[in-house]
Amino acid sequence: MADPKAGKRQRRGREGLSRREFLAGAVIGAGAVSLFSCAQGQFMVPAPESAAAEETPCPEAKTEIKEVVKEVPQEVPEWPWPYVKLDPEMIRKKGHLGYYKAHCCYGAFWAIIDSLREEIGFPYTQIPAEMMIYGAGGVAGWGTLCGALNGAFAAINLVTDEKTCKKIVHELMGWYTETPLPTEISNQYAVEHAFLVEEYKSDEALAQSVAGSPLCHVSVTKWCQASGYASGSPERSERCGRLTGDVAARAVELLNQYIDNAFEPTFELPAGTTACRACHFKGKDYDQGQFTRGKMDCLQCHEPHGSHGE
């Protein structure tokens, strides 16, 4: 008769053997996983026990040390900065595009400075044209100095000395007050879709007007009266875009003349302004009327008085 205890011992033996086999397999599996991880994704066959003591520990990941070299800034050149002749018609188109980007003051300034950046490079690469955004709408919408003039003047001042700058600014200011704007050239560019924008606020030939003043308020008002369009219309906005290109182009024409030693001022103050300035100018005798100053057309805002009205 079979011994029942012997059967139990055999079962326990088989069970014990199975557990030992399981544990041995688990240890080998863990070692394989460890070696796999150590190799950082590369499969490695575990070494036999005799070689285990000779295994080299998993090396730590090496950190690549890069030396940070700071670029030594170039020295900013003395003022005035260098200027090269630019193409007025390309400037006209870029001024119009610049208006679409960030309005009039930015547009005129960007058209000139970006072109100098392309032609000369440094230091014009260091100037953010966005610094001129404030001038939109006659400075933050106040209707004072036309933004296109403001931006163009800043560019002129950057590339000419004080005496020359005042002469060119005076000429450009006078041209603006006497010229029908937008020009025929800008109107034609719009009709032919020759500007650089993809979609136009208006592509019709717009009415022209003579501002008689460098003020945004006066310039816009006179154009709206001449055209019949409201100040908030897309046509008025397009008019100012074309005007921005016209002003930037004229500024470059004057700068090109200066570079060629061919600049000759032609603007003369209106007769009414000259008459007023006989008494009302920057002076030290208050009783003689020297309590104001300016070059704008006085009679746009003031009634003639005294001998002027006789």
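The values are calculated or read from the model by the stated rules, or taken from the named source; none is laboratory data. Only a predicted model underlies this, so the values are computations on that prediction, with no experimental measurement involved. Note that each Cβ is placed from the backbone with ideal geometry, even for glycine, and that neighbours are counted across all protein chains shown.
Tell me the residue from Q188, Q225 that is in the same structural domain as A152 (by TED's automatic domain parsing), part of a helix (DSSP H, G or I), closer than 21 Å to G98 by Cβ and not hydroxyl-bearing (S, T, Y), please.
That would be Q188, the only listed residue that is in the same structural domain as A152 (by TED's automatic domain parsing), part of a helix (DSSP H, G or I), closer than 21 Å to G98 by Cβ and not hydroxyl-bearing (S, T, Y).
Here are E199, E204, E178, E192: which of them is closer than 24 Å to W223 by Cα, surrounded by fewer than 17 Cβ atoms within 10 Å (Cβ to Cβ), touching a residue at least 60 places away in the same chain (Cβ under 8 Å) and of a type in the set (D, E)?
The unique qualifying residue is E178.
Test S227 against the criterion of being surrounded by fewer than 17 Cβ atoms within 10 Å (Cβ to Cβ) and without any contact (Cβ under 8 Å) to a residue 12 or more places away in the chain, and give yes or no.
no
Enumerate the pairs (first residue in the range 141-154 and on the phi > 0 side of the Ramachandran plot; second residue anywhere and buried (at least 22 other Cβ atoms within 10 Å of the Cβ)) with beta-carbon separation below 8 Å, excluding pairs fewer than 6 apart on the same chain, so at least 6 apart or on different chains.
The qualifying pairs are G143/C216.
When A251 is evaluated against the numbered criteria (1) surrounded by 17 or more Cβ atoms within 10 Å (Cβ to Cβ); (2) at positive phi; (3) among the small types (G, A, S), which criterion, by number, is the only one it fails?
Checking A251 against (1) surrounded by 17 or more Cβ atoms within 10 Å (Cβ to Cβ); (2) at positive phi; (3) among the small types (G, A, S), the one that fails is (2).
The conditions are (1) among the hydroxyl-bearing types (S, T, Y); (2) under 27 Å from G135 (Cα atoms); (3) outside the structural domain of G143 (by TED's automatic domain parsing), and T244 fails exactly one of them. Which is it?
(3)
Do you know which residues across the range 84-105 are under 12 Å from the mean Cα position of the chain (by Cα) and either more than 16 Å from D246 (Cβ to Cβ) or without any contact (Cβ under 8 Å) to a residue 40 or more places away in the chain (or both)?
K101, A102
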